[in-house]
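Below: the structure, in structure tokens.
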Amino acid sequence: MPAVNTSQVIRGTGLRATKPRILVYGLLRDAGGHRTADEVAGMVADSGRRLPRASIYNVLEDLSRVDLVMRADRGPGSAIYEVADTWHHHFVCRECGRVTDVPCAIGSKPCLDADVPGAVIDEAQIIFRGICASCTDRN
Ligand SMILES: [Zn+2]
Ligand SMILES: [Zn+2]
């Protein structure tokens, strides 16, 4: 993994590069994939640092708001967070819950327009649902 100056990345969004933000962003980026806030809390604990659960949620929301972290609502249960370079969508398997990235044809937000009177739409995130390949094989 190329060395990335995490605090510079964070400052580049206009946020202050606080220790919790640097820690959470770095852990999430290094871990890769889609992680729930609980999993992030586990990574923080494993790293030997102490960060209250509420701070972890706040940091994840701060980083999502500036698009450093992508937040996806996969339905009932916890939201998932990831460090992603490209805006994309997700497929969630109804049986195993596995989350798969689905490329976005546009690649930036908002990739869908909708007519909501008076509203300014800045994001459209699609969750595709069904049965993934390995669950289909098992049935
Ligand atoms: Zn599955
Ligand atoms: Zn993803």
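The values are calculated or read from the model by the stated rules, or taken from the named source; none is laboratory data. No experiment lies behind these values; they were computed from the predicted model shown. Heads up, the Cβs are rebuilt from the backbone with ideal geometry, glycines too, and the neighbour counts pull from every protein chain shown.
Some observations on this one:
- Scanning segment 99-109 for residues that are out of contact with any strand residue (DSSP E or B) (no Cβ under 7 Å at 6 or more places or on another chain) and at pLDDT 90 or above gives no hits.
- TYR81 closer than 21 Å to GLY14 by Cα, under 13 Å from the mean Cα position of the chain (by Cα) and in a strand (DSSP E or B): yes
- Residue satisfying all of: in segment 84-97; modelled with pLDDT of 90 or more and surrounded by fewer than 16 Cβ atoms within 10 Å (Cβ to Cβ); farthest from the chain's Cα centre (by Cα) among these: GLU95
- Residue in segment 65-72 that is part of a loop (DSSP other than H, G, I, E, B), in contact with a helix residue (DSSP H, G or I) (Cβ under 9 Å, 6 or more places away or on another chain) and surrounded by 17 or more Cβ atoms within 10 Å (Cβ to Cβ) present: yes
- Tally, over segment 24-39, of residues that are within 11 Å of the chain's Cα centre (by Cα), of a type in the set (A, V, I, L, M) and more than 13 Å from ligand 2 (Cβ to nearest atom): 1
- Residue count for segment 85-115, restricted to those that are in a loop (DSSP other than H, G, I, E, B), closer than 26 Å to CYS135 by Cα and within 12 Å of ligand 2 (Cβ to nearest atom): 2.
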